[in-house]
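Below you'll find the structure, written out as structure tokens, and then a few comments.
The values are calculated or read from the model by the stated rules, or taken from the named source; none is laboratory data. These figures come from a predicted structure and were not determined experimentally. Counting neighbours? That spans all protein chains shown, and the Cβs are built from the backbone with ideal geometry, glycine included. The protein model used for the area step is the full one, side chains on, heavy atoms only, and it has no ligands, DNA or RNA in it. Shrake-Rupley method; radii C 1.70, N 1.55, O 1.52, S 1.80 Å.
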Amino acid sequence: MPGDGRTASAKIVVAGGFGAGKTTTIGAVSDIPPLRTEARITTASQGIDDLTHVREKSTTTVAMDFGRVSLADDLVLYLFGTPGQDRFWFMWDDLVQGAIGAVVVVDTRRLADSFGPVDYFEARGLPFVVALNAFDGHSPYTPEQVRQALGLGLAVPVLLCDARRRTDVVPVLISVVEQALLAHCRTDGAV
């Protein structure tokens, strides 16, 4: 219970397409130096990874990212970032074990990359929110336009976010915790 002197902790998965901003999202809020499993992008990925909108990207996550953030004195979140390329999705089942919810980071320049992650969490019934990463400081689409494009119901929060800014990422994480609590209450019949 809040205020009882104990600290609650929870696991949240940060997912999304290749180059959407997952590593950046975790790095922006982590209270500890984030663990990153980055490898250099080589010519072997040509024709496999679409670098059209991320030409400056020189590394990619090949296993996971990990960070820790205290949202309050008594609430700690452990953040696990997934690799974005389809060929690494076999790791997702292990990464989501024990998670209360997820963030799907969306690059609106490549909206099609978001369908897989959204389908993944919908199929598993894991509460999630969508964070529209505002590359270059803006998003060409409104949250409602993205909601419609991704076929999301009104119960899934769609939030604008600059993945580089802690002040933008923290509300996204709070929203995931709220979604998880709502799902828990519905399961227990409390709501």
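Brief remarks follow.
- Annotation note: Cβ proximity below 6 Å between a residue of segment 180-191 that is closer than 16 Å to ALA99 by Cβ and a residue that is surrounded by 11 or more Cβ atoms within 10 Å (Cβ to Cβ) and modelled with pLDDT of 80 or more (sequence gap 6+ or interchain) occurs for ALA180/ILE100; ALA180/GLY101; ALA180/PRO127; ALA183/PRO127.
- Meets criteria (open to solvent by 70 Å² or more (accessible area, probe 1.4 Å) and in contact with a strand residue (DSSP E or B) (Cβ under 8 Å, 6 or more places away or on another chain)) for GLU144: yes
- Of all residues making up segment 94-121, the number that are free of Cβ contacts under 8 Å to residues at least 40 places away in the same chain, surrounded by 15 or more Cβ atoms within 10 Å (Cβ to Cβ) and farther than 20 Å from ILE26 by Cα: 1
- The residues of segment 123-143 that are more than 14 Å from the chain's Cα centre (by Cα) and more than 23 Å from THR167 (Cβ to Cβ), listed by number, are ALA123, ARG124, GLY125.
- Subset of segment 148-188 (residues that are of a type in the set (Gly, Ala, Ser) and open to solvent by 30 Å² or more (accessible area, probe 1.4 Å)): ALA149, GLY151, GLY153, ALA155
- When ARG166, ARG186 are screened for being out of contact with any Gly (no Cβ under 9 Å at 6 or more places or on another chain), modelled with pLDDT under 95 and of a type in the set (D, E, K, R), only ARG186 passes.
- Any hit, segment 11-26, residues being at pLDDT 85 or above, farther than 23 Å from LEU160 by Cβ, in contact with a Leu (Cβ under 9 Å, 6 or more places away or on another chain) and not β-branched (Val, Ile, Thr): yes
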